[in-house]
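One structure is given here, and the rest of the page talks about it.
The values are calculated or read from the model by the stated rules, or taken from the named source; none is laboratory data. As the structure is a computational prediction, the values presented were derived from the model and not from experiment. A quick note on method: Cβ atoms are made from the backbone with ideal geometry, for glycine too, and the neighbour counts reach across all protein chains shown. Calculation scope for accessible area: heavy atoms of the full protein, side chains included, ligands and nucleic acids excluded. Shrake-Rupley method; radii C 1.70, N 1.55, O 1.52, S 1.80 Å.
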Amino acid sequence: MYNCSPIHENGYFSFDHISVIDQTNTEILLNGNFENDLTGRNYCNSMNSSYSGLIGIRGMLLPYNGLKFWFDGAWIPPDYLTQMISTKIGWNYTLKFWLTNDATGNTMNVILFQ
């Protein structure tokens, strides 16, 4: 399982084009571009964070590609997405994603854990 919880000061971020590739060059993540909404993922906002995430549609901001992306402004407390993936001990995996923040000069930390 991966949890992804970008933490930032202000503004909203757009998250898209997520990929996890195993060493046989096989994509093991489902729906990395959000085109099928949250298919394959669970969304958690257990502490009812304000400005919580949603599926963004091209026109709100621009996704990396396609029509949809994850759009989020939650800060404290954060909300997050999860997805279960199978991995093999000793294998290498490549994680890639596109992330942008609409607030000028703002930094963002992305925390990934299992």
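I'm trying to understand the selection: among the residues of region 26-79, which are assigned to a strand (DSSP E or B), open to solvent by 80 Å² or more (accessible area, probe 1.4 Å) and in contact (Cβ under 8 Å) with a residue 60 or more places away in the chain?
none
I need a count of the residues in region 70-114 that are charged (D, E, K, R), over 13 Å from the mean Cα position of the chain (by Cα) and modelled with pLDDT of 80 or more. Write out each step before concluding.
Going residue by residue through region 70-114, those that are charged (D, E, K, R) are 72, 79, 88, 96, 102.
Next, from what is left, pick out any that are over 13 Å from the mean Cα position of the chain (by Cα): 88, 102.
Narrowing the set further to residues that are modelled with pLDDT of 80 or more leaves 88.
Selection size over region 70-114: 1.
Considering only region 10-25, state which residues are hydroxyl-bearing (Ser, Thr, Tyr) and free of Cβ contacts under 8 Å to residues at least 12 places away in the same chain.
At the first step, the residues of region 10-25 found to be hydroxyl-bearing (Ser, Thr, Tyr) are 12, 14, 19, 24.
Across region 10-25, the qualifying residue is only Thr24.
Report the residue count in region 14-25 for those that are open to solvent by less than 70 Å² (accessible area, probe 1.4 Å) and of a type outside the set (D, E, K, R). It would help to see each step written out before you state the result.
Step one: of region 14-25, the residues open to solvent by less than 70 Å² (accessible area, probe 1.4 Å) are 14-16, 18-22.
Restricting the remaining residues to those that are of a type outside the set (D, E, K, R) gives 14-15, 18-21.
Count: 6.
When residues of region 84-100 are filtered for being closer than 13 Å to Phe15 by Cβ and open to solvent by less than 60 Å² (accessible area, probe 1.4 Å), how many remain?
2
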